[in-house]
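Some notes on the structure that comes next.
Values in this text are rule-based calculations from the coordinates and carry no lab data. Remember, it's a predicted structure, so these values are computed and weren't measured experimentally. Here the Cβ positions follow ideal geometry from the backbone for every residue, glycine too, while neighbour counts run over all protein chains shown.
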Amino acid sequence: MNTYHINKGIGRTVEFKGLKAQYLFIFAGGLLGILVFVMVMYIAGVSTYLCLTIGGGGSSILIWQTFLLNGKYGEHGLMKLGAQKKHPRYIISRKCMYRYLKSNRQKVSA
């Protein structure tokens, strides 16, 4: 019987078969979602062969894409990618130049 080591130490990220951190949760959640979808289709009366084809094809694509993202972006890559998309590419300032040069001192009335 095979034994699998899931975590390699305290303070380190969860890893299973090369999948790290959030990719492991994407993988597990995706497979669970595909399973529920196929079960609902089967209960609704869709052909068994169509259910098996959709389940097998969907899980194959999910596995392939998850390992592809894990290899491409690494452990924290999806978070960095999301932060990069929220970061503005450039800052637009539409104030006239005079407003930057003007001092903010108020006149003192005597």
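Over its Cα atoms, what ratio of radius of gyration to 2.2 N^0.38 Å does segment 16-102 give? Could the numbers behind the result be given before it?
Values: Rg = 22.3 Å, N = 87, 2.2 N^0.38 = 12.0 Å.
Expressed relative to 2.2 N^0.38 Å, the Cα Rg reads 1.86.
How many Lys pairs in segment 1-82 lie less than 14 angstrom apart by Cα atoms, where the lysines are 8 or more positions apart or on different chains?
Numbers: Lys8/Lys17; Lys8/Lys20; Lys20/Lys72; Lys72/Lys80.
For segment 1-82, the number of qualifying lysine pairs is 4.
Rounded to the nearest 0.05, what FRET efficiency is calculated for Lys72 and Leu31 with R0 set to 22 Å and r the Cβ-Cβ distance?
0.60
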